[in-house]
Amino acid sequence: MQPIPVPEPRLHSIRTPEGIVIDFEVAPLGARLRALLIDLAIVFLATAGLQVVATPLALGWLGLLAGFLLQNLYFLYCEASLGGRTVGKSLARLRVLSRNGGPLTPDAVLARNVTRSFELFLPLVALFAPQTLIPGAPKWAAVLAFVWIFAFTSLPLFNRDRLRCGDLAAGTLVVREPEDRATLYN
């Protein structure tokens, strides 16, 4: 019986502005999915907690607004202030880098995270509650939403660096943290 071959990690070389080449392991899809699910759970639980507080006070609209803000600002805040990491990415030992070797800019963080709304959140609403987006939406709208989600979520399968639309728009790359974090800073 032959052992199951372990695929070699995909490497992406980044040349820093100083001319130093550093190889990073491109984040595996499973690790990216795990990080996203952790982050979505945090956002969901925080939103649910706000709804529980706001609803008895007849401020249900405030809970919805807070949920929208949490959904959008959580990723922006974490990646901009935690060195390209969210809580989920930290637990999965991942981080976002600029593909050109420069610093991760606020514009890049904004571009990759605004794109997530169009890649994931909007089509999920269209899939599970099409009447919310378009009252009187036909049944085939859910099928269209499924195709939309499938097209966007499968994009990382078709490029070497496993880039999603947000990464393509922002010029970013999600990588596995090196065992020795000093590698990033020396």
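Observations, loosely collected:
- In terms of Cα atoms, the Rg and Dmax of segment 36-164 work out to 16.7, 51 Å.
- With each label modelled as a point 7 angstrom along the Cα→C-beta vector, the Lys139-Glu25 pair spans 4.8 nm.
- Check: the chain dipole with +1 on Lys, Arg Cβ and -1 on Asp, Glu Cβ, in debye: 260
- A Förster radius of 41 Å combined with the Cβ-Cβ distance from Leu168 to Met1 puts the calculated FRET efficiency at roughly 0.45.
- Within the listed set Gly84, Gly49, Gly67, the residue fluctuating most in the Gaussian network model of the chain (springs between alpha-carbon atoms under 10 angstrom) is Gly49.
- On the beta carbon distance between Gln51 and Tyr77, with R0 = 22 Å, the FRET formula returns roughly 0.60.
- Within the accessible area of the chain (1.4 Å probe), percent carbon and sulfur: 72
- Under the criterion of Cα pairs below 8 Å and six or more residues apart, the relative contact order for the chain equals 25 percent.
- Between amide H atoms placed 1.01 Å from N, distances below 5 Å from Arg85 occur with Val96, all of them 5 or more places distant or on a separate chain.
- Inter-label distance, Ser117 to Ala129: 1.6 nm, where each label sits 7 Å from its Cα along the C-beta direction.
- Accessible surface of Asp107, taken over heavy atoms with a 1.4 Å probe and every protein chain present, rounds to 120 Å².
- Cα gyration tensor, segment 82-121 - rounded (a/c under 1.5), prolate or oblate: oblate
- The chain: angle of helix 60-81 to the longest principal axis, Cα-based, in degrees nearest 10: 10
- Taking all pairs of distinct alpha-carbon atoms in segment 1-106, Kirkwood radius in angstrom: 16.4
- Summed over the residues of the chain and divided among them, the accessible surface reaches 61 Å² per residue at a probe radius of 1.4 Å.
The values are calculated or read from the model by the stated rules, or taken from the named source; none is laboratory data. These numbers come from a predicted model, not from an experiment. Please note: Cβ atoms are built from the backbone with ideal geometry, for glycine as well, and neighbour counts cover all protein chains shown. Keep in mind that these areas ignore ligands, DNA and RNA; they rest on the heavy atoms of the full protein, side chains included. Shrake-Rupley method; radii C 1.70, N 1.55, O 1.52, S 1.80 Å.
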